[in-house]
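Reviewing the structure listed below.
All of the numbers you see were taken from the coordinates with simple rules; none came from a lab. Everything numeric here is computed off the predicted structure, so don't read it as measured data. Note: ideal-geometry Cβ built from the backbone for every residue, glycine included; neighbour counts use all protein chains shown.
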Amino acid sequence: PVVIPAAGRDLGNPYFSGEGPWYHALTIIGFEEGWTGDKFIVNDPGTKRGSQYKYDVDVLVSAIHDWTGVKEDIRNGRKAMVIIER
């Protein structure tokens, strides 16, 4: 699994409350190739429907940003992730 920090509002998850969280973390658990585009399969703790939720690769990669300490500045956070090997 890969744990990523993200600008939550950039994910566009329709199951988030309101606009979604400024800062969010989720776990990538898989990848799916498809005719309509490739997707990351994630476990997203931000919603009850987050188990095996699928995000477009471009959307998720664009949203990866580490916490800057200022919520409005989240899009300036570096790209970061934690890779967990079993």
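Structure notes:
- Residue among Lys48, Lys54 that is assigned to a strand (DSSP E or B) and among the basic types (Lys, Arg): Lys54
- Restricting Gly30, Gly37 to those that are exposed (fewer than 14 other Cβ atoms within 10 Å of the Cβ), out of contact with any Gly (no Cβ under 6 Å at 6 or more places or on another chain), assigned to a strand (DSSP E or B) and free of Cβ contacts under 8 Å to residues at least 40 places away in the same chain reduces the list to Gly30.
- Contact map, the stretch 73-86: residues that are on the phi < 0 side of the Ramachandran plot paired with residues that are part of a loop (DSSP other than H, G, I, E, B) and polar (S, T, N, Q), Cβ distance under 9 Å, separation 6+ or inter-chain. Pairs shown: Ile74/Thr68; Arg75/Thr68; Asn76/Thr68; Gly77/Thr68; Arg78/Thr68.
- Listed conditions (1) over 20 Å from Ser17 (Cβ atoms); (2) out of contact with any helix residue (DSSP H, G or I) (no Cβ under 7 Å at 6 or more places or on another chain); (3) not in a strand (DSSP E or B) are all met by Thr68, apart from (2).
- For the stretch 40-49, the set of residues classified as touching a Lys or Arg at 6+ places or on another chain (Cβ under 9 Å) and either surrounded by fewer than 12 Cβ atoms within 10 Å (Cβ to Cβ) or closer than 21 Å to Arg78 by Cα (or both) consists of Phe40, Val42, listed by residue number.
- Ala63 being under 29 Å from Arg86 (Cβ atoms), crowded, with 19+ Cβ neighbours inside 10 Å and touching a strand residue (DSSP E or B) at 6+ places or on another chain (Cβ under 7 Å): yes
- Qualifying residue in the stretch 72-83 (condition: β-branched (Val, Ile, Thr), surrounded by 13 or more Cβ atoms within 10 Å (Cβ to Cβ), part of a helix (DSSP H, G or I) and touching a Ser or Thr at 6+ places or on another chain (Cβ under 7 Å)): yes
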